[in-house]
1. Filter the stretch 37-68 down to the residues that are assigned to a loop (DSSP other than H, G, I, E, B), under 14 Å from GLN14 (Cα atoms) and either open to solvent by less than 30 Å² (accessible area, probe 1.4 Å) or at pLDDT 90 or above (or both) and list them by number.
2. I need the full set of residues from the stretch 5-32 which are assigned to a helix (DSSP H, G or I) and surrounded by 14 or more Cβ atoms within 10 Å (Cβ to Cβ), in order please.
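The values are calculated or read from the model by the stated rules, or taken from the named source; none is laboratory data. This one's a predicted model, so the numbers in the text were calculated from it and none came from an experiment. Using ideal geometry, Cβ is built from the backbone for each residue, glycine included, and neighbour counts are taken over all protein chains shown. Just so you know, the surface numbers come from the protein's heavy atoms only, side chains and all, with ligands and any DNA or RNA stripped out. Shrake-Rupley method; radii C 1.70, N 1.55, O 1.52, S 1.80 Å.
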Amino acid sequence: HVFLEALGSNSQLQKLDLSTFGMDSGAALCLEASLLGHPALTALDISDNSFNETGIRVAVRLLADPRTKLKFVDAGMMQNGVEARTLAYNPSDAEETYSGEKALNLQRPHHR
């Protein structure tokens, strides 16, 4: 994880390919912490690793964070028997109210 932690200090890094890097869920979370607010990174490939849905959550959080310049993340072909899922944006999702049982509780790590 030391390598992943150091990536955040390389301010010139624009594209990063960590496909088939052997990352697990813990490494994906470490990568996220390192890259949040990165000043130059625009493309990240974390495909073909074994971090299941955690990797997808990391990718979405990195893309959505206004502090990053990230525009593209490839998180396909996850390992450990977990099928890669296609993420698609449906405009009607934005109109649905997420409250009650559907509400996200950001105090819980698995909701972030």
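1. HIS38, PRO39, ALA40, LEU41, THR42, THR68 - these are the residues of the stretch 37-68 that are assigned to a loop (DSSP other than H, G, I, E, B), under 14 Å from GLN14 (Cα atoms) and either open to solvent by less than 30 Å² (accessible area, probe 1.4 Å) or at pLDDT 90 or above (or both).
2. LEU7, SER25, ALA27, ALA28, LEU29, CYS30, LEU31, GLU32
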